[in-house]
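The values are calculated or read from the model by the stated rules, or taken from the named source; none is laboratory data. These numbers were taken from a predicted model, which means no experiment stands behind them. Every residue, glycine as well, gets a Cβ built from its backbone with ideal geometry; the counts of neighbours run over all protein chains shown.
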4 protein chains.
Amino acid sequence: MSRLHSAVLGATGVAGQQFIIELADHPMFEVTGLYASERSDGKRYADCGKWYLEQPIPGSIRDMKVRDSASIEPAQYDIIFSALPSEVARQIEGACASKRPVISTASAFRYEADVPIIMPEVNPSHFELIERQRNERGWEGFVMPGPNCTTVGLAVALAPLHQEFGLKRVFMTSLQALSGAGLPGVASLAITDNILPYIPKEEGKVQKETLKILGGLEGGAIADADFSISCICTRVPVIDGHTEAVFAETGQPCSPEQYKEAVRRFNERFRKEYSHLPSAPEESIVIMDEEDRPQPRLDRGRNGGMSVCVGRIHEDHSFRRGLSWTGLKFVLLSHNTKKGAAKGGILVAECLVDKGYMKRR
Amino acid sequence: MSRLHSAVLGATGVAGQQFIIELADHPMFEVTGLYASERSDGKRYADCGKWYLEQPIPGSIRDMKVRDSASIEPAQYDIIFSALPSEVARQIEGACASKRPVISTASAFRYEADVPIIMPEVNPSHFELIERQRNERGWEGFVMPGPNCTTVGLAVALAPLHQEFGLKRVFMTSLQALSGAGLPGVASLAITDNILPYIPKEEGKVQKETLKILGGLEGGAIADADFSISCICTRVPVIDGHTEAVFAETGQPCSPEQYKEAVRRFNERFRKEYSHLPSAPEESIVIMDEEDRPQPRLDRGRNGGMSVCVGRIHEDHSFRRGLSWTGLKFVLLSHNTKKGAAKGGILVAECLVDKGYMKRR
Amino acid sequence: MSRLHSAVLGATGVAGQQFIIELADHPMFEVTGLYASERSDGKRYADCGKWYLEQPIPGSIRDMKVRDSASIEPAQYDIIFSALPSEVARQIEGACASKRPVISTASAFRYEADVPIIMPEVNPSHFELIERQRNERGWEGFVMPGPNCTTVGLAVALAPLHQEFGLKRVFMTSLQALSGAGLPGVASLAITDNILPYIPKEEGKVQKETLKILGGLEGGAIADADFSISCICTRVPVIDGHTEAVFAETGQPCSPEQYKEAVRRFNERFRKEYSHLPSAPEESIVIMDEEDRPQPRLDRGRNGGMSVCVGRIHEDHSFRRGLSWTGLKFVLLSHNTKKGAAKGGILVAECLVDKGYMKRR
Amino acid sequence: MSRLHSAVLGATGVAGQQFIIELADHPMFEVTGLYASERSDGKRYADCGKWYLEQPIPGSIRDMKVRDSASIEPAQYDIIFSALPSEVARQIEGACASKRPVISTASAFRYEADVPIIMPEVNPSHFELIERQRNERGWEGFVMPGPNCTTVGLAVALAPLHQEFGLKRVFMTSLQALSGAGLPGVASLAITDNILPYIPKEEGKVQKETLKILGGLEGGAIADADFSISCICTRVPVIDGHTEAVFAETGQPCSPEQYKEAVRRFNERFRKEYSHLPSAPEESIVIMDEEDRPQPRLDRGRNGGMSVCVGRIHEDHSFRRGLSWTGLKFVLLSHNTKKGAAKGGILVAECLVDKGYMKRR
């Protein structure tokens, strides 16, 4: 069977580069169109700016001509992967989605009632919203935005807790990688021997999205999960891999060992559902028992950058209630441009094919 | 008046170097003895290993002879500043304290009932314990350990909250500087493009010490403050300056503006009590209103590295109770080897002189 | 005597920030006008963008209004300090110089025959060209560009060799700091765990400027020095301080000890001529004998960032000629935004006042 | 055919880890013994200290027991790979070589007359010395040390120049990666926002080894190549990948294009001789035409870390002789722990098998 024709929008940015790496030899999708800003229109892909990845530009892509994103004719493709900057995403993605499925890393549509933020291991029931979205908007296609790269790890790591013990309050501090700010992104003078304690709009996004992702579907609409999340988001001098320090108060008592068991069940369900998909990792969550892990440089690439690594799982006296513990602290790591952006979106696309939501041109 | 004769123990380490820089031109103290490990015995100070500070070794110190810490005769000095590693601190500091006042950055004596951890702006009443310590131990001198470098910023930033609003639960994630690990400390291969999510024993120390420092004095003994603190301590690629992200639940409602006012009162008291002392900063806490501050490289040196910078002070929906907010989130920064170690200890020594606890040989 | 009124053009960039720090409490000059790009027009200085220096913005400057560089009326000032980007420097600096002395860090005028590149310790005779410049151009003022920040350290370190032993060939590899690329400058993703082996146009500038600076004045014109220089210029993850590795073949035999003696004489002349000027360092060249120095973080601030540190001075078998050595290798370090840009320009301005080239409005 | 039994000595260090990664699935060799310092004796490999590589420890190795290097019985193996520190290498490698072939990354035997430093693409004729070594020393095995990691890139990049144009003088400045200093290696406090301008003994090694490697075999002995090399070696904050800036004066005129053609021929010969060996890269030298390459983070992994990348190849006026150019400048990059240590050694071992120098137990 021939591969589905795919366009990449915003192909020259950080997430765009990851789409290109991951799609280069993909068994289901084939990149047949590259789009970026007007500035790149008409250039060879390899001439369009700085490549940040250690793997070189795939040979099949180097010489492809890039065109202006605004000029895309969506009907030429089976699926469209968008890594557009948020300023322009809303209009172009909307136009594309009226014709074809659009998988996006942008936030433009994330907060609309008929748009799910799918994480296959967490909320597969939300796929149902696709029909509502198509009907309400009169679209042939639909738009599927992925979560913010910082939401990704948190939503996955909390899911087994939420499912089995309930959650009451979560306090999270992120130590986010440079690639999350895109290109050119953070100036080297700003981050050498330094930490930036603020990332515009990030904290609100993480809080809102996590509750939506972990929410249930009631009467064809998502009901946000009912607990509170507080975040402080910082930028650190790390290339890839967002680290998050989490304090989570649960509804029911939950020991570290109980959390680990819940994760094992969560991984087992994930394996059953998705292990036949090319981008699915062996485990959605990798539990690390060494006291000094996860570490971004050593662990971000685990299972092709598609696992969330969780370590330093401890009970904490703040959560002691008599003889039991109603909460945990832990540290998680998630690859922000793989799991947290492009490759995470490709896994959703694979699910769409698998579940029959995609038809060919 | 001639300056008090001072010895520096552990003079070649990171905190030892800061003692030397800060004492070099000090109006009250004069370095007349340098001590380090046996390995350095008999060497010129400048030949004893790597100097990490941007300021060069003071001319008056370069050629001084270093001796083995174990050989110190405390009676030769008026005061002893110790930056010994904890393994050897207990025995040597104890021997010194039997004769003379010892100001220490080590943890050896921190958790003993008759030993206060003094932060002059927070718990000056704890100076009273000195008499108890001398009497119970039969010492002519006494030992005054400073807090762990990560405790320092937290205890100071929480003090105005604790005093005026009460505290219930605190969740803190630290992003700690490399100099906190001493020399040689963290390997460059371990921390380049990386974060270390674990610092041995640090979390327990911060939790325990903060409650002791903020505790009251009842019947000649410290009663720990009555709230809970949970910490996750990480190491980041920053030379100096510990950043801490804090979520603090208060007893009484407290808005960001109310916290800032409490800080102003706190600073005012500090100024009244201590502004005549050479190492006292203009403000104990510097409130930063720019959204992206404090930053370690830009702000750690504020007021000679002796202020705790607090920014990003926000209410947070986790703390909403009806119409009011019973908590805050904020980010603090504290210079770990100045305020958080040597220079903080020197300020305590200045208080001792000021309050009449020191007598000359 | 009241201070001379000074404007800073390009006041918000990296070199502009250094001009502001160094002029804030200057005994001769007072900043009375701030100019930057149109984007900053009408804003408070503190609101004009990122400040990169560890010292905070001086209180006297924070609230000053910034205006568009193109709108400057030079006659309002006694002297104009320009840190304009090269694209716009030529026109604006020319207009200013037609009225007033302009000290510039830009390259716009560096290569013109009637424009000297003054380094006071190296080529004070070149001040003579000012008259020729005024006459030929019919200007009331004049323009004095400083050298490229990478030229500075090389020209100074070679000067004693050139004067006493002659030079034949010089091979230099630079390891240049991030601040040399200005703001926003190098992207953090581009330089973390990385080296950039190329800096556009830098190598040609260094080669050309060094020969002009070390050239003699013959018949009212500069005759370039007669030796060859080859450079490879790289960017490294260091905030401030350009390191340069130099292989220098001399005309006459020259041992390391002979070079050090020549440096001592060079420093002695410098001290005699300039020690009364506020920005003059105690020594123009600091010889470092420790095998592992100079290092940017530890040594760039030496003498207020105005000395060139030279270490690792060795003979090398490539330069052996029978029993003597006709060349050396060494490593130098020079603070690129102090000595190599703003503060170096201020020292030239101090010389101009001292030598009577400046008159007041 | 079963794989040859191999021991790794010094298995826990930086080069030892690379041996383990590269041998884990090697078609010719199988790791059957792991040896490290006494401190690791009896431990599981995974418990022996810090792993620095992004790839995890191979599953087949994690639980293997490590023994004290001094206890090795060489007759149990077909070949021994040694990454021992130089202090202990001489004695243990000698004892092993008396029985079996030893491939080493240590310098202990490098400078002995009967010991070749083999780089298969440069000096395959030097394999002949193995017989002389065995005979003179009465050994059943032999020792084959690889070059210093900084020598590797230089010797390869110079080889085509040396072969086709001759060399007169070479000036090289290195920007060396952290992993070259091993573990724990360089302290993070020493290298953050910094450069170290000195690496003990490195410059002499590079000079000496390069001339030996490029030397000819005359009468059963190596005659060093007859040109001069001067080096300045520095350490930079890069994890892996040594960058070297080279100025090379040739005997015959040589343009950049002529050098590139010589490289093409050099690569062609390499391909013919070695392309059937598992660790041989497609090209020994990768010529990079983009002006800003090679860069360590982006290019060190090229061809499995086994190619030397050469870019910024330019003529330079220092080398102008009338109408032609008798020299070049360029920048090279070589992966110091792959090509420059373990994997380079494994390629030599593959050659030994291929050429029949190895027999099985």
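A residue that is within 21 Å of B:V246 (Cα to Cα), of a type in the set (D, E, K, R) and touching a strand residue (DSSP E or B) at 6+ places or on another chain (Cβ under 9 Å) occurs somewhere in the stretch A:216-238. Here B:R137 passes the criteria (1) over 30 Å from B:R297 (Cβ atoms); (2) within 22 Å of the chain's Cα centre (by Cα); (3) in contact (Cβ under 8 Å) with a residue 24 or more places away in the chain except the one numbered (2).
For (1) within 28 Å of A:D240 (Cα to Cα); (2) of a type outside the set (D, E, K, R); (3) not assigned by TED's automatic domain parsing to the domain that holds A:G219, each residue gets a yes or a no:
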position: A:Y45; (1), (2), (3): yes, yes, yes
position: A:E54; (1), (2), (3): yes, no, yes
position: A:S69; (1), (2), (3): yes, yes, yes
position: A:I79; (1), (2), (3): yes, yes, yes
position: A:S82; (1), (2), (3): yes, yes, yes
position: A:A89; (1), (2), (3): yes, yes, yes
position: A:G94; (1), (2), (3): no, yes, yes
position: A:F109; (1), (2), (3): yes, yes, yes
position: A:E131; (1), (2), (3): no, no, yes
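Count of the stretch A:311-329 residues, restricted to those that are more than 11 Å from chain B (Cβ to nearest Cβ) and crowded, with 22+ Cβ neighbours inside 10 Å, is 0. Looking across the stretch B:81-119, the residues that are among the small types (G, A, S), assigned to a loop (DSSP other than H, G, I, E, B) and in contact with a helix residue (DSSP H, G or I) (Cβ under 7 Å, 6 or more places away or on another chain) come down to B:A83, B:A106, B:S107, B:A108. Residues of the stretch B:299-338 that are within 20 Å of the chain's Cα centre (by Cα) and of a type in the set (K, R): B:R300, B:R302, B:K338. Going by the structure shown, is A:R39 free of Cβ contacts under 8 Å to residues at least 12 places away in the same chain and in the same structural domain as A:A106 (by TED's automatic domain parsing)? Yes. Annotation for the stretch C:198-216: at least one member residue is more than 9 Å from chain D (Cβ to nearest Cβ), surrounded by 24 or more Cβ atoms within 10 Å (Cβ to Cβ) and not in a helix (DSSP H, G or I).
The residues in the stretch C:1-55 that are farther than 23 Å from A:L189 by Cβ and touching a Cys at 6+ places or on another chain (Cβ under 6 Å) can be counted, and the count is 0. Inclusion of B:V286 among residues that are more than 13 Å from chain A (Cβ to nearest Cβ), closer than 30 Å to B:S188 by Cα and modelled with pLDDT of 95 or more is not warranted. Hey, can you tell me all the residues within the stretch B:227-249 that are closer than 16 Å to B:H162 by Cα, hydrophobic (A, V, I, L, M, F, W, C) and more than 7 Å from chain A (Cβ to nearest Cβ)? Of everything in the stretch B:227-249, those that are closer than 16 Å to B:H162 by Cα, hydrophobic (A, V, I, L, M, F, W, C) and more than 7 Å from chain A (Cβ to nearest Cβ) turn out to be B:F227, B:I229, B:V246, B:A248.
Within the stretch C:120-132, restricting attention to residues that are out of contact with any helix residue (DSSP H, G or I) (no Cβ under 6 Å at 6 or more places or on another chain) and surrounded by 19 or more Cβ atoms within 10 Å (Cβ to Cβ), the residue that is nearest to C:V286 (Cα to Cα) is C:H126. The set of residues in the stretch A:133-185 that are surrounded by fewer than 24 Cβ atoms within 10 Å (Cβ to Cβ), within 10 Å of another protein chain (Cβ to nearest Cβ) and out of contact with any Phe, Trp or Tyr (no Cβ under 8 Å at 6 or more places or on another chain) comprises A:A181, A:G182, A:P184, A:G185. Please work out which residue is nearest to the other protein chains (Cβ to nearest Cβ), limiting yourself to the stretch A:32-80 and to residues that are touching a Pro at 6+ places or on another chain (Cβ under 9 Å) and in a strand (DSSP E or B). Filtering the stretch A:32-80 for residues that are touching a Pro at 6+ places or on another chain (Cβ under 9 Å) and in a strand (DSSP E or B), the one nearest to the other protein chains (Cβ to nearest Cβ) comes out as A:I80.
Taken as a whole, the stretch B:336-343 holds at least one residue that is in a helix (DSSP H, G or I), more than 14 Å from every other protein chain (Cβ to nearest Cβ) and out of contact with any strand residue (DSSP E or B) (no Cβ under 7 Å at 6 or more places or on another chain).
Could you please let me know if C:V170 is over 22 Å from C:I287 (Cα atoms) and modelled with pLDDT of 95 or more? Criteria not met by C:V170. When B:G311, B:G304 are screened for being among the small types (G, A, S) and in a helix (DSSP H, G or I), only B:G304 passes. Being at negative phi, in contact with a His (Cβ under 6 Å, 6 or more places away or on another chain) and assigned by TED's automatic domain parsing to the domain that holds C:L328: is that true of C:L214 here? So C:L214 fits the description; yes.
Of note, B:R297 satisfies the criterion of being charged (D, E, K, R) and either touching a helix residue (DSSP H, G or I) at 6+ places or on another chain (Cβ under 8 Å) or in a helix (DSSP H, G or I) (or both).
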